[in-house]
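Accompanying notes for the structure given below.
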Amino acid sequence: MIETLLRYPRAFIFSLVLHVVVIGLTLVEFSDRSHQPVVTKKGPQNQTIQAEVIDQKKLEQREQKIKQQQEAKRKQELEKKRLEQAAKKRAQEQKKKKEQEAKRKAEARKKAEAEKKRKAEAARKKAEAEKKRKAEAVRKKAEAEQKRKAEEARVKAEAEKKRKAEEARIKAEAERKRKEEEARRKAAEEARLAAEAEQRRKEAELKAQLAAEERQRALDSMRQRYISLIQQTISRNWRQPVNAGEMPECEVMVLQGPGGVVLDVTFGLCPGTRDYRLSVEAAVLKSDPLPKPEDPALFERNLKIIFKPK
């Protein structure tokens, strides 16, 4: 209930005032009636009953008045309590406001101190950065000077190196030209000697070639005579068979040993009859030993003879 009164204080005050007014009016009316004389035409018994009724009413009114006074007192106490609580609440709110104000001021001081520290830190960093910048500038200047001196020394050393290299190149070029000239004279001399040797070789080779050609012609002539002599020998020893039929040219392959001994007789292209080939084979075997060549170099172990019947 107290919580409700605190939530609606205006309604409570209005209700309290209304009750006070009603109680006041009741008391005034009761007071006026108590001073008026009671007039009755009835007898003593009626007067006693009326007195009792009046006393009962007075008691009830007094009891009602006491209750109203108690209710009024209770309401006053409640109002007092409400006012005390309101005052306490205002005091708490003021305290809270003071605490918040103190907190705000503390935060403001803290913020001001932080800002002061920030500015001091910024100033320190700026001074440190300026110090570093100046130190960096000094370092870069010294480094640039060192690089300049190093570049001068490098250029000077490079120039000296180039000078020495040029001297060495000129000297080497002169030496190279001298060696080239010497090599050229030597090569020319060697070429001359080689040309003379080549000329002699070619002359000797030509001479040998002519001699070899002459020898080959002689061998070819002797070989032709040698093969022709063998063919003539085989032809003289050939006897035509009775049923020879067609007798074309016949390739006869003769395997001979030293001294012209006939070791074997085979045929190449020989389209004649069997009797014809047997007659040719018999003529070859009958010609054993075969004639010898004029030059032993013409001897061939395998001979190919073209037999032409007459």
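The values are calculated or read from the model by the stated rules, or taken from the named source; none is laboratory data. If you're wondering where the values come from, they're calculated on a predicted model, not measured in any experiment. Heads up, the Cβs are rebuilt from the backbone with ideal geometry, glycines too, and the neighbour counts pull from every protein chain shown.
Here are the numbers for this structure:
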quantity	calculated
Complete set of residues in region 259-287 that are touching a residue at least 40 places away in the same chain (Cβ under 8 Å), under 22 Å from Glu300 (Cβ atoms) and not in a loop (DSSP other than H, G, I, E, B)	Val280, Ala283, Val284, Lys286
Subset of region 242-258 (residues that are over 16 Å from Gln231 (Cβ atoms) and in a loop (DSSP other than H, G, I, E, B))	Val242, Asn243, Ala244, Gly245, Glu246, Gly257
Index of the failed condition, Lys292 passing every other in (1) closer than 24 Å to Lys310 by Cβ; (2) in contact (Cβ under 8 Å) with a residue 12 or more places away in the chain	(1)
Any hit, region 203-210, residues being part of a helix (DSSP H, G or I), among the acidic types (Asp, Glu) and closer than 30 Å to Leu298 by Cα	yes
Residue match in region 282-291 (condition: within 28 Å of Gln216 (Cβ to Cβ) and at pLDDT below 90)	no
Members of region 288-310 found to be in a helix (DSSP H, G or I) and of a type in the set (A, V, I, L, M), listed by number	Ala297, Leu298
Residues that are polar (S, T, N, Q) and in contact (Cβ under 8 Å) with a residue 60 or more places away in the chain, drawn from region 77-104	Gln85
Filter result for the condition that a residue is at pLDDT below 80, of a type in the set (Val, Ile, Thr) and assigned to a helix (DSSP H, G or I), over Ile66, Ile49	Ile49
Selection from region 80-94 of residues that are among the aliphatic types (A, V, I, L, M) and in contact with a helix residue (DSSP H, G or I) (Cβ under 8 Å, 6 or more places away or on another chain)	Ala86
Asp288 under 17 Å from Ser228 (Cα atoms), exposed (fewer than 15 other Cβ atoms within 10 Å of the Cβ) and of a type in the set (Asp, Glu)	no
Test result for Ala282, of a type outside the set (D, E, K, R) and surrounded by 12 or more Cβ atoms within 10 Å (Cβ to Cβ)	yes
